[in-house]
Amino acid sequence: RGEMGAGKTTLVNLLMRFYEIQGGKICIDGIPTNQVKREMVHSQFCMVLQDTWIKHATGKENIAFGREGASDDEIIAAAKAARAHGFIKRLKDGYDTVIGDDDLSEGERQLLCIARVMLLRPPVLILDEATSSIDTRTEVKVQDAFTRLMQGRTSFVVAHRLSTVRDADCIIVMKDGTVFESGTHEKLLGRGGLYTELYNSQFSAK
């Protein structure tokens, strides 16, 4: 968690080895990422971003993008887990409907992208501002899908909405490119620092 320019995206780029680290090390299963090929590092991650990317293709093809040869049963199971099955079935031709740019709401596009990741089942997941452009009602569905997606895997959640990260095992608050605070939601609130200030600014009015 941190304001714009705090260093959140830079941290993600370091995890993915888009940038090379200048000191210390980042390990996956105990192996420093700079000791293996970049492609190997990328294969361990999947990202869900604020800006969704939908291919001009059927719903089925959009979900299976990145996993060639996935069966219909696997695709439908992924869509159900992502809470996307309902709206897909309501489309003209269901999973065989060709999806254009304006055929889905922003929330539906996001759920479709989550289904895509559900099918891939990556060891490490990055959610980068993935709920910031959708309405609060849709966020409940998306957050439920995220909860299912994060089960059993390491997840990095970058968010401005603190409701997205309050249940995390460790919340890192960044400021001016450095780690300003870290801890659980309860511990950070107890310290009365920057996290408390951010939390109160979002929830005190409610």
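Solvent-accessible surface of segment 28-176, taken per residue with a 1.4 Å probe and all protein chains present: 54 Å². Of the residues Gln35, Phe18, Ile75, the one whose Cα sits farthest towards the positive end of the charge dipole of the chain is Gln35 (charges of +1 on Lys and Arg Cβ, -1 on Asp and Glu Cβ, taken about the Cα centre). Restricting the calculation to Cα atoms, segment 1-133 yields a radius of gyration followed by a Dmax of 16.8, 54 Å. Go ahead and collect, in residue order, the members of segment 136-173 whose backbone nitrogen is under 16 Å from a label point 7 Å along the Cα-Cβ direction of Ile26. Those under the cut-off are 154-159, 172. Computed about the Cα centre, the dipole magnitude for the chain is approximately 420 debye when only Lys and Arg (+1) and Asp and Glu (-1) carry charge, each at its Cβ.
Treating r as the C-beta distance of Glu74 and Arg38 and R0 as 30 Å, the FRET efficiency rounds to 0.60.
Just the protein heavy atoms count here, and of the accessible area of segment 58-206 at 1.4 Å, carbon and sulfur take up 48 percent.
In this structure, the residue pairs whose Cα-Cα separation is over 20 Å, taken from Lys8/Lys80; Lys55/Lys89; Lys60/Lys80; Lys8/Lys55, are Lys8/Lys80; Lys8/Lys55. Against the main long axis of the alpha-carbon atoms of the chain, helix 194-203 sits at an angle near 50°.
The protection proxy used here, the mean number of other Cβ atoms lying within 10 Å of each residue, ranks peptides 164-173, 57-66, 178-187, 76-85 as follows, highest first: 76-85, 57-66, 164-173, 178-187. Positive end of the charge dipole of the chain (Lys, Arg +1 and Asp, Glu -1 on Cβ, about the Cα centre): tell me which of Cys113, Ala64, Leu149 has its Cα farthest that way. The Cα lying farthest towards the positive end belongs to Leu149.
The values are calculated or read from the model by the stated rules, or taken from the named source; none is laboratory data. A quick note: this is a predicted structure, and the numbers were derived from the prediction, not measured. Every residue, glycine as well, gets a Cβ built from its backbone with ideal geometry; the counts of neighbours run over all protein chains shown. Please note that ligands, DNA and RNA were not included when accessible areas were found on the heavy atoms of the full protein model with its side chains. Shrake-Rupley method; radii C 1.70, N 1.55, O 1.52, S 1.80 Å.
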